[in-house]
Structures are given as structure tokens and as C-alpha cells.
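Chemist: Supplied in C-alpha cells, the structure appears directly below.
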Amino acid sequence: MSLVFAGVCSHAPGITGRAHLADPRVCEPFHAHFRAMGEELEAARPDALIVVGAEHFANFFMNNMPAYAMGMADRYEGPIEDPGWLGIAKTRVPGHAALSKRLIRCVLEDIDVAYAEEWKFDHGIMVPLHFLTPRFDVPVVPANINCQGPPLTPLKRAWAFGEALRRACDAAPERIAIVGTGGVSHWPATPDSGKINEAWDREFLDRWARNDRAALLSYSDEATYRDAGQGGFEIRTFIAVAAAARGQGTIRTYVPIPIFSVGCTIGLMAVE
Amino acid sequence: MSLYGAQKLLFHLNRDAAVQRRYRDDLPALLDGYDLDPEEREAILAGDVGKLYVLGANGQLLMHFAALLGMPWADYIEAMRDGVRRHGPVRAGIYAMTTSADEKVAGL
């Protein structure tokens, strides 16, 4: 049945954990956009949701860091963070081991993806699920791209990972949704937290919405680090989703919210 | 220095409830299991987020550690700035400060 939904969203922990510190006139409309994305996801009636994420050392460390990893379990748990700090209670999230195994077999034709039969979700997945599947009732297949511990996988390989995921979904009878989650420019977990390069973000999101492969892959990590911070490395997740969806995107909202440390983004993309 | 060992401790501490219990109950013994130089060991014993930031601990690991310590967001941001004031620029990694120590980027 292949893909029935594709989109991208932010996942900054402040979106839930520091909502009380934000201007409600900015925060509430963004939260509403996030929930609306969840309603569109639900309307697509997915059997499973692939979350292309960029985890932050919840599972993988520099002793054995996979460039790409996918979960292959029937259940996951999260968040690893203090629930009060994140504003999300600890919970179990359903997985779909059998589907994961089929997807991974297919992805391995093109990408040497690692698999993981246990996986703890951090804010990078829990914040999106909190809005998109608030009852945590859609089986999740986590798919991680290392965006935290350099050396990092090249952007062209993130694109290839997205293409491989699409081929794997095309071979599955299930209705599958895919959501990429990451920041555009941001300098999280530093004293610069809250710094946002809006012009850079708008240019990147325009390239994403046009699904312009050459333009998306033209960023060097040196330039991204300079212009978009170390958080900008997470554009890999958006790039993978563009490759998987193949269609044109629409940015539903982009709003810099410094207390959330990122330009908060919701985007949907046609599956073609 | 053994930054890798300090980060590995933070990695375990952030994700493993059993390690968190050992952190609370017998921190020196827990630290004995990691390759730490004296500066790192002292910073972790003291919960000195600013020093660990300057030593180059990955920001994501450190942010979760600060949350574990129960530090409010503004205090955590200020602790990193204070670390730079006391010890100079970040010595390793990709989480260097690019603003000035007096700049309140997000109003905090």
C-alpha cells in the first residue's frame, strides 16, 4: 500500500517542557498546527508511523554509533527525560516488529542500516508523538539518522535512506505514514539556545517544499554549522522524508520561538 | 583528557534508572567505573554543569544531566555561561558558545 502520509515537524523539548514560559499568542497557534497535523495523519488511517528522527544519545553512543538505525520491537518506552522537565509522562509506545523486519530487510538492499530490538525514545520522538498520536495508539517504527556525534553521514546518503525507506514501504501491504523530525537552524543545549537564523530556515524550507534534490544536498556541514548551528545537522531528517515522499511540500507554519530554541515548523508533503 | 569517559557516564546516567540510583546512593563508587581525569571527576561530583560544558561534554548529554539535577532552564543556561566566564571557551566538541556571556538570547 506504501506511503499514505508524509510530513516534517520540530521536536524541541521546550515545545512541551517550556510552553508555560512562551507567549501564548505564539505558542498556542503553533500547538494547534501540530495537533492539526496529527488530525491529518489520523485521517490517512495509517497502520504504522515511521518517525525519521535524530536522537540525542538515548540509545546510541560513540562506542558504536550507527549512521542509520531502525527499531525492530513490538514496544518502546519514553521519554528518557524527567517527565516534569519535558512535560510528557512516561509511557509505552506500540511498535510493529514484523513490519520493521520487512522494512529493514528491504532498506538493507541500499543502506547498511543497523537494527535495534530495544529503543528508548527521547524528546526527539516523544514531542512529535505527543501531538501527532496523543493516545500513543499508532505503532511506531523509529528510524534514526546520527545527527549528533560527528562524523555524520553525508546529505546524499540521507536522501538515499529516504529513497530506500520508500522502496521498502512500496513493498509492504500496510498503510504507512512517515514523519521526519528535526530542527532547522538552532543552537540547542548551549548558551546560544534561542538563536535562530530565520533567513536560512526560510531558504531551506523553500528548497524542501519544492523538493529540489540538488538544492537540498548542496549544503556542506561546515556551512551548516556556521549558519545554522550544530542543530542544523538535523536537516538530514527533512531530506530523507523529501526523498521518500517525492512530491511537493507545504509549510503549514514556521514561527521562530526563541524560548523553544528553534524556528517551529510543521510541513506536509504530497506522496507521489 | 578522557572526555569520552565523562560523556559515557552521562549517557548511562541519563537513560538508566539503576545508574541514577547509584548516582544518588554512592556517586564515588559509580565514578570509579569510568575513565575520568581529576578535573572531570570533580566536576561531576559537584554537579558543575558549567565546567562540564567548557570541558566539551556534548550539549545534549549535558542538557539531560541538568534536567536530572532538577535545574530550571534559566539556571542551566546561566550555568553554562558562568562556566565560560570562570574557565574560558569550550575546549572540545561542537557545542561552543557563539554569543557573548552577557547576551540573553531567549530573554533568559
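Chemist: Within region A:84-108, restricting attention to residues that are within 14 Å of chain B (Cβ to nearest Cβ) and surrounded by fewer than 15 Cβ atoms within 10 Å (Cβ to Cβ), which residue is nearest to A:Asp122 (Cα to Cα)?
Modeler: The residue in question is A:Lys90.
Chemist: Then there is this: If you check A:Ile257, A:Ile266, A:Ile196, A:Ile239, which single one turns out to be in contact with a Pro (Cβ under 8 Å, 6 or more places away or on another chain) and of a type in the set (A, V, I, L, M)?
Modeler: Only one candidate qualifies: A:Ile196.
Chemist: Can you name the residue in region B:78-93 that is of a type in the set (A, V, I, L, M, F, W, C) and within 11 Å of another protein chain (Cβ to nearest Cβ) and, of all such residues, is surrounded by the most Cβ atoms within 10 Å (Cβ to Cβ)?
Modeler: Filtering region B:78-93 for residues that are of a type in the set (A, V, I, L, M, F, W, C) and within 11 Å of another protein chain (Cβ to nearest Cβ), the one surrounded by the most Cβ atoms within 10 Å (Cβ to Cβ) comes out as B:Met80.
Chemist: Any idea how many residues of region B:66-77 are more than 7 Å from chain A (Cβ to nearest Cβ) and buried (at least 22 other Cβ atoms within 10 Å of the Cβ)?
Modeler: Of the residues in region B:66-77, 2 are more than 7 Å from chain A (Cβ to nearest Cβ) and buried (at least 22 other Cβ atoms within 10 Å of the Cβ).
Chemist: Regarding region A:209-223, can at least one residue be identified that is surrounded by 24 or more Cβ atoms within 10 Å (Cβ to Cβ) and either more than 24 Å from B:Asn58 (Cβ to Cβ) or of a type in the set (Lys, Arg) (or both)?
Modeler: Scanning region A:209-223 turns up no residue that is surrounded by 24 or more Cβ atoms within 10 Å (Cβ to Cβ) and either more than 24 Å from B:Asn58 (Cβ to Cβ) or of a type in the set (Lys, Arg) (or both).
Chemist: Right, next: Between a first residue in region A:209-226 that is of a type outside the set (Lys, Arg) and a second residue that is part of a helix (DSSP H, G or I), which pairs have beta carbons less than 6 Å apart while being 6 or more apart in sequence or on different chains?
Modeler: A:Asn211/A:Ala242; A:Ala215/A:Arg207; A:Leu216/A:Arg207; A:Leu216/A:Ile239; A:Leu217/A:Leu155; A:Leu217/A:Lys156; A:Thr224/A:Gly232
Chemist: Inspect all residues belonging to region A:26-44 and state whether any of them is touching a helix residue (DSSP H, G or I) at 6+ places or on another chain (Cβ under 6 Å) and either within 14 Å of chain B (Cβ to nearest Cβ) or closer than 27 Å to B:Ala57 by Cβ (or both).
Modeler: yes
Chemist: Follow-up. Restricting the search to region A:128-174, which residues are within 14 Å of chain B (Cβ to nearest Cβ) and either under 15 Å from the mean Cα position of the chain (by Cα) or among the β-branched types (Val, Ile, Thr) (or both)?
Modeler: Answer for region A:128-174, where residues must be within 14 Å of chain B (Cβ to nearest Cβ) and either under 15 Å from the mean Cα position of the chain (by Cα) or among the β-branched types (Val, Ile, Thr) (or both): A:Asn144, A:Asn146, A:Cys147, A:Gln148.
Chemist: Here is a follow-up. What are the residues in region B:1-32 that are closer than 20 Å to A:Phe60 by Cβ, modelled with pLDDT of 95 or more and among the hydrophobic types (A, V, I, L, M, F, W, C), if any?
Modeler: Passing the criteria: B:Ala6, B:Leu9, B:Leu10, B:Phe11, B:Leu13, B:Ala18, B:Val19.
Chemist: Condition test on A:Gly231, is it within 17 Å of the chain's Cα centre (by Cα), at pLDDT 95 or above and assigned to a strand (DSSP E or B)?
Modeler: no
Chemist: Just give me the residues in region A:1-43 being touching a Phe, Trp or Tyr at 6+ places or on another chain (Cβ under 8 Å), more than 17 Å from A:Arg252 (Cα to Cα) and outside any helix (DSSP H, G or I), in sequence order.
Modeler: The answer is A:Ala12, A:Pro13, A:Arg18, A:Ala22.
Chemist: Additional query: Scan region A:191-198 and give yes if some residue there is in a helix (DSSP H, G or I), without any contact (Cβ under 8 Å) to a residue 60 or more places away in the chain and either within 14 Å of chain B (Cβ to nearest Cβ) or surrounded by fewer than 24 Cβ atoms within 10 Å (Cβ to Cβ) (or both), otherwise no.
Modeler: Within region A:191-198 (the criterion being in a helix (DSSP H, G or I), without any contact (Cβ under 8 Å) to a residue 60 or more places away in the chain and either within 14 Å of chain B (Cβ to nearest Cβ) or surrounded by fewer than 24 Cβ atoms within 10 Å (Cβ to Cβ) (or both)), the answer is no, since none of the residues qualifies.
The values are calculated or read from the model by the stated rules, or taken from the named source; none is laboratory data. None of the values given here were measured: they were computed from a predicted structure. Cβ sites come from the backbone with ideal geometry, for glycine too, and all protein chains shown count toward neighbours.
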